[in-house]
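Enquirer: Handing you a structure now.
The values are calculated or read from the model by the stated rules, or taken from the named source; none is laboratory data. Remember, it's a predicted structure, so these values are computed and weren't measured experimentally. Cβ placement follows ideal geometry from the backbone for every residue including glycine, while neighbour counts extend to all protein chains displayed. Each accessible area value is taken on the protein alone, full model and side chains, heavy atoms only, with ligands, DNA and RNA left out. Shrake-Rupley method; radii C 1.70, N 1.55, O 1.52, S 1.80 Å.
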Amino acid sequence: MAADKQNEAKVSPVDENKENLPDGGLGLEILQIIKESQQQHGLRHGDYQRYRGYCSRRLRRLRKTLGFKMGNRHKYIGKKVTVEILSDNRYLLLVLMEAERAWSYAMQLKQEANTEPRKRFHLLARLRKAAKHSEKLEKLCESPRVDAKTKLEAQAYTAYLSGMVEFELQEWKRAMEAFNKCKTIYEKLASAFTEELAVLYRQRVDEISPNIRYCAYNIGILLDIIDSFRTKQAATMSEVEWRGRTVPVKIDKARVFLLGLADNEAAIAQATNEETKEHLYETLLAECRDTIQAVREELKSEAKQRERSSDTDSGKVSNLQFLHSYLTYIKLCTLVKRNESMAQTLHAKLKETQSDENKRGPRPQDLIRLYDIILQSLAELSTLQGLEDDHTFQKEVSLKMLVYKAYRCFFIAQSYVLVKKWSEALVLYERVLKYAKEVQSKAKSLNNRLKDLPDIQELIAEVNAEKYSLQAAAILDTDETAEVPSQQLVKDNMPLCDRLEAFRLDPSLVGKQPNLVQFPPDFQPIPCKPLFFDLALNHVTFPPLDEKVEQKGKGGLTGYIKGIFGFGS
């Protein structure tokens, strides 16, 4: 223990130099710090307990130095390292040491779990804790105060610990993805920095390469098991039901394809990345084409047998032909879904503003081509053999065609708007509304079967908004005023405020001197200001003064004398 503390005292200045603040922001040599710490504190001999003790002591020193204590010896007060307090790179080191402590404890429990299997549960909990701390470190490194190299190292460290968790849980596919991400980042870093750091990065790549190979090996075994299971299921699968008719399936390739169809569709539904989804669609379509080809070859041999036999029944579609129609239906529906997914992605990009003017973005013409392919696929659906008399199916297909015709017409109108052909675009918008009304009137009886179609109500709202924008753009476009009908271009001297109830295109309104109101306004007669006279005195009633006058008369000489000498006061 004393030797450990002496080593820590020697190593600390070196580590502090690696944690200094670079010119570009906060920086931390994550891999170099943990590798040197592990080699100097027990991991050279596989002593994970000693390394865990070192991580705990270093955490205590860091908290004391930063004044980031968790309360006192009497009371615990939890604190979290946040982006707001990230003024020193030692805060990043604090989180890194927490992750290393949890990881070293997990590795210690892994050694002990060989004799005590119950400790495996504790091992998984510690590994998850380490991965959680690494994710916290990665989020802190997303701050603009942290330099780019530290961000990449934090991402690689998080991917490594996440891969370790999935590896222990035997989730081979997710573990392999995490390890591959970690390997890619370290390989890029090794090619970008000095040879001393490149050696460390390559060593970490060499460490995780066996794990990647082991994951790939286990994934291959699982795939072989799944394939063998599907083959066994295919041997027991004898028939399929579609459109109210049960058809026997005797071709092995068709059995395997139909058994894996649900899994493929589920994988496409769960895919979040557009490239992954496109790859899954292409794989499914390729398998479907191969299966159709196998059924077509069987159809040829069946046709030859019919020609040889005298008993030919041309009225009813054979089971093999109906199976061919079913597989063709799957292929065409998959094509429609793939093109619709691509159209939705392009439509979302079309709404976004292009930041780079030199880069070519999506155009309405690209979407028109996709909807043309969709309509072509739907037209082929309506001609499938065995479904000519299925009126419900034909109604469904015709309604789908109306929906996609409406969307195709909408984007044709958008292309006309780009070239400022306002009248053509307006006519096409009206055609879109016409298609939408037909869909709404016909879709009542087929509501439950058309849930996967695009929302026609949303299209109607978008068309109405585009129509108003189109009318405003047509008014503001002065270059097109010569094409406006002459009956709408009526010029008069009446200002705009006096003719608001009548719509007329007046080019002067968008000029420099628009005639909006008459200024200055004309004089108007108003009532004269009234004269005021003081007539109130004629209507005022004064109080009677008779009593006071009589008292003054009755006093006589005596009253006069009293008044002089003050006796009466």
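Enquirer: Give the number of residues within segment 418-446 that are among the hydrophobic types (A, V, I, L, M, F, W, C), assigned to a loop (DSSP other than H, G, I, E, B) and touching a residue at least 24 places away in the same chain (Cβ under 8 Å).
Expert: 2
Enquirer: With the requirement that a residue be open to solvent by 60 Å² or more (accessible area, probe 1.4 Å) and either part of a loop (DSSP other than H, G, I, E, B) or within 22 Å of residue 26 (Cβ to Cβ) (or both), what does segment 38-59 give you?
Expert: Of everything in segment 38-59, just one residue is open to solvent by 60 Å² or more (accessible area, probe 1.4 Å) and either part of a loop (DSSP other than H, G, I, E, B) or within 22 Å of residue 26 (Cβ to Cβ) (or both), namely 47.
Enquirer: Can I ask one more? Suppose we filter segment 149-173 for residues that are open to solvent by 30 Å² or more (accessible area, probe 1.4 Å) and either of a type in the set (Val, Ile, Thr) or at positive phi (or both); how many remain?
Expert: Summing the residues that are open to solvent by 30 Å² or more (accessible area, probe 1.4 Å) and either of a type in the set (Val, Ile, Thr) or at positive phi (or both) in segment 149-173 gives 1.
Enquirer: Moving on. Suppose we keep only residues that are over 16 Å from residue 145 (Cα atoms), of a type in the set (Ser, Thr, Tyr) and in contact (Cβ under 8 Å) with a residue 12 or more places away in the chain within segment 75-114. Which one would you say is surrounded by the fewest Cβ atoms within 10 Å (Cβ to Cβ)? Break it down into steps so the answer makes sense when it comes.
Expert: Step one: filter segment 75-114 for residues over 16 Å from residue 145 (Cα atoms), giving 75-80, 94-114.
Right, trim to of a type in the set (Ser, Thr, Tyr) and you get 76, 104-105.
Subsequent filtering for residues that are in contact (Cβ under 8 Å) with a residue 12 or more places away in the chain retains 104-105.
Numbers: 104: 26, 105: 23.
So the residue we want is 105.
Enquirer: When segment 410-421 is examined, which residues are found to be among the hydrophobic types (A, V, I, L, M, F, W, C) and buried (at least 17 other Cβ atoms within 10 Å of the Cβ)?
Expert: 410, 411, 412, 413, 417
Enquirer: Starting from segment 378-395, take each residue that is at positive phi and list its partners that are of a type outside the set (Phe, Trp, Tyr), counting only C-beta distances under 7 angstrom and pairs at least six apart or across chains.
Expert: Hits for this filter: 386/317; 386/321; 386/325.
Enquirer: Kindly provide the set of residues from segment 387-409 that are open to solvent by less than 30 Å² (accessible area, probe 1.4 Å) and either of a type in the set (Val, Ile, Thr) or more than 28 Å from the chain's Cα centre (by Cα) (or both), ordered by number.
Expert: 387, 393, 396, 397, 399, 402, 403
Enquirer: For residue 125, indicate whether it is surrounded by 19 or more Cβ atoms within 10 Å (Cβ to Cβ), at pLDDT 90 or above and among the aliphatic types (A, V, I, L, M). Step through it out loud before you land on a result.
Expert: Values: surrounded by 19 or more Cβ atoms within 10 Å (Cβ to Cβ): no; at pLDDT 90 or above: yes; among the aliphatic types (A, V, I, L, M): yes.
Considered against the rule, which asks whether it is surrounded by 19 or more Cβ atoms within 10 Å (Cβ to Cβ), at pLDDT 90 or above and among the aliphatic types (A, V, I, L, M), residue 125 comes out as no.
Enquirer: From the list 187, 138, 142, pick out the single residue that is surrounded by fewer than 20 Cβ atoms within 10 Å (Cβ to Cβ) and closer than 25 Å to residue 217 by Cβ.
Expert: Among 187, 138, 142, only 187 is surrounded by fewer than 20 Cβ atoms within 10 Å (Cβ to Cβ) and closer than 25 Å to residue 217 by Cβ.
Enquirer: Please work out which one of (1) at pLDDT below 90; (2) open to solvent by 40 Å² or more (accessible area, probe 1.4 Å) is the condition residue 29 fails and give its number.
Expert: So the condition that residue 29 fails would be (1).
Enquirer: Another question about this same structure. Give me the residue from segment 350-371 that is of a type in the set (D, E, K, R) and open to solvent by 80 Å² or more (accessible area, probe 1.4 Å) and, out of that set, modelled with the lowest pLDDT.
Expert: 357
Enquirer: Just to be sure I understand the filter: pairs with C-beta atoms under 6 Å, separated by 6 or more residues or on different chains, first member in segment 54-74 and closer than 25 Å to residue 42 by Cβ, second member modelled with pLDDT under 90 and open to solvent by 30 Å² or more (accessible area, probe 1.4 Å). Which pairs pass?
Expert: As it stands, the answer is 63/69, since those pairs meet every condition given.
Enquirer: If you don't mind, there's one more thing I want to ask. Scan segment 438-459 and give yes if some residue there is of a type in the set (D, E, K, R), open to solvent by less than 80 Å² (accessible area, probe 1.4 Å), at pLDDT below 80 and over 30 Å from the mean Cα position of the chain (by Cα), otherwise no. Don't jump to the end; show me each part of the working.
Expert: Initial filter on segment 438-459 (of a type in the set (D, E, K, R)): 438, 442, 444, 449, 451-452, 455, 458.
Next cut, open to solvent by less than 80 Å² (accessible area, probe 1.4 Å) only: 438.
From what's left, at pLDDT below 80: none.
The answer is no, given that none of the residues of segment 438-459 is of a type in the set (D, E, K, R), open to solvent by less than 80 Å² (accessible area, probe 1.4 Å), at pLDDT below 80 and over 30 Å from the mean Cα position of the chain (by Cα).
Residues checked against (1) of a type in the set (A, V, I, L, M, F, W, C); (2) touching a Cys at 6+ places or on another chain (Cβ under 8 Å); (3) at pLDDT below 80:
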site: 461; (1), (2), (3): yes, no, no
site: 484; (1), (2), (3): yes, no, yes
site: 493; (1), (2), (3): no, no, yes
site: 515; (1), (2), (3): no, no, no
site: 522; (1), (2), (3): no, no, no
site: 526; (1), (2), (3): yes, no, no
site: 544; (1), (2), (3): no, no, no
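Enquirer: Where the second residue is open to solvent by less than 40 Å² (accessible area, probe 1.4 Å) and the first is small (Gly, Ala, Ser) and lies in segment 399-417, which pairs have Cβ atoms under 6 Å and are six or more apart or on separate chains?
Expert: That search, which allows pairs on different chains as well, returns 406/432; 406/436; 413/425; 413/428; 413/429; 415/364.
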